[in-house]
Every structure is written in C-alpha cells, then in structure tokens.
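To start, the structure itself, in structure tokens.
The values are calculated or read from the model by the stated rules, or taken from the named source; none is laboratory data. The structure presented is a predicted model; accordingly, all values stated were derived computationally and were not measured. Cβ placement follows ideal geometry from the backbone for every residue including glycine, while neighbour counts extend to all protein chains displayed. Heavy atoms of the whole protein, side chains included, go into the accessibility calculation; ligands, DNA and RNA do not. Shrake-Rupley method; radii C 1.70, N 1.55, O 1.52, S 1.80 Å.
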Amino acid sequence: MTKDQLYNELNYVNHSREKRLYYANLVIDHPELVQPLLEILFDVDDKISCRAAWVFEFMCGERLEAIIPHLDMFTQHVSKVHLDPAVRPVAKVCEYLIKAYYSKKDHKIKAALTETHREKIVEACFDWMINDEKIAPKAYSMNSLYLLGTEYHWIHPELAMILERDFQMQSSGFKARAKHILKKIKNSDE
C-alpha cells in the first residue's frame, strides 16, 4: 500500500474502537506502513493527521515495539502536533513509551529510547501542561513527567509548580489527577 492509498484509507477511520483497531492491526501486519502513517500524522495542519494519530495510538497500544525504528522521527516531530484530536493520542503514545521505559519489567523500549528521545518527550509534555489543552493530554503528560522526574530531578519541582498554579482554574478531572501526582512527588522527595 502506498502512502496515498493509506491516506485515502484513513478517511474511513472514525472514533469507533473497531475501525481504529482494524487499521492499527493493518499497520502492525505491514510494518512498512508505519513510516507513511507517521508522515501523515506529522502533516499537522491536515485534518487527516488526526485519524493517523488515532491509528498510531492503537498500534502502539497493541504493539509498542513497532515504534522502535521510528523513535527518532516521532520524537523530533511530536511537539509540532497541535490539532486537539491529534494531541490526545500523541500524548498517550508518549505516556506508553515512558511507562515502558521506567517499567520494572524488561521491555525493548528501555534499550531503544535514548536520552535525546526522552528530552524531546519532556519538552512536548511540558508544552501540553502549560498550553490550553484538554484534560487528557495534560493527564498523560503529568504521568510521563512524574516518571521522567525520577531520573531528571529538576522536573518534579517544575511540574509541582505548574500543577499548583493551574489547580484552581482546571476541571475536577485535572484536580483529581494533579492531587495524585503532587502526593507522589511529595512522597518521593521525602
């Protein structure tokens, strides 16, 4: 399947789990499609990029290792994503990567996710935290930044400051997640 054919197929992707999973499995079964899928995803002003992001998130949810050959491209462009329907799945993929990297279990991501990759994810997550994003990308970013802060000690104080500053202006969902993360930061500092 060519990039143009994949682009056309993405017109059939909708919010249904069934459609996203179908196309995610198509990409998993044809790893050569990951690169064109990412190229479409990172054409960030095209509305179809959101559909590519949905498929990419499901692909990573099913088989995270499929991203390994494409980590450079993903992390170099992750901060460019700005359309709301694309930011949430991309932030979720960042969380998948960071959770796998800091997991107690063996995971191929641990060997593949370089310091440069992690720094790019830190940058994107802080952008989502301080920009006017919906709750989901902020929640995924909080989790990712908390875990990254166990290695990069400057992150926890910065994250705590943002959470405390934004606390009163945010939704109840944000507040609940922020309380949880702030408590974890406080306990890890003791």
#### Entry: Number of the exception - L159 against (1) under 19 Å from the mean Cα position of the chain (by Cα); (2) within 29 Å of V55 (Cα to Cα); (3) assigned to a helix (DSSP H, G or I)
(2)
#### Entry: Single residue of region 23-71 satisfying the filter (crowded, with 20+ Cβ neighbours inside 10 Å and touching a Cys at 6+ places or on another chain (Cβ under 9 Å)) that is modelled with the lowest pLDDT
A24
### Query
helices (runs of 4 or more DSSP H) wholly in region 30-87 with at least 1 residues that are farther than 18 Å from I98 by Cβ and over 15 Å from the mean Cα position of the chain (by Cα) - which ones?
34-41, 48-62
## Note on the structure
Within region 1-22, the count of residues that are within 21 Å of the chain's Cα centre (by Cα) and surrounded by 13 or more Cβ atoms within 10 Å (Cβ to Cβ) comes to 6
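So which of Y152, Y140, Y102 is under 25 Å from M73 (Cβ atoms), open to solvent by 10 Å² or more (accessible area, probe 1.4 Å) and touching an Asp or Glu at 6+ places or on another chain (Cβ under 7 Å)?
Working: Y152 fails: touching an Asp or Glu at 6+ places or on another chain (Cβ under 7 Å); Y102 fails: touching an Asp or Glu at 6+ places or on another chain (Cβ under 7 Å).
Unique residue meeting the criteria: Y140.
From the residues in region 159-176 that are open to solvent by less than 80 Å² (accessible area, probe 1.4 Å) and either of a type in the set (D, E, K, R) or touching a residue at least 60 places away in the same chain (Cβ under 8 Å) (or both), which one is nearest to C125 (Cα to Cα)? It would help to see each step written out before you state the result.
In the first step, residues of region 159-176 are kept if they are open to solvent by less than 80 Å² (accessible area, probe 1.4 Å); the result is 159-160, 162-163, 166-167, 170-171, 173-176.
Filter again for either of a type in the set (D, E, K, R) or touching a residue at least 60 places away in the same chain (Cβ under 8 Å) (or both), leaving 166, 175.
Details: D166: 15, K175: 17 Å.
Once the filter is applied, the top-ranked residue is D166.
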### Message
If I filter region 114-134 down to residues being surrounded by 16 or more Cβ atoms within 10 Å (Cβ to Cβ) and among the β-branched types (V, I, T), which single residue comes out as farthest from A178 (Cα to Cα)?
### Response
I121
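Would you mind stating whether S79 is touching a residue at least 12 places away in the same chain (Cβ under 8 Å), of a type in the set (S, T, N, Q) and open to solvent by 20 Å² or more (accessible area, probe 1.4 Å)?
yes
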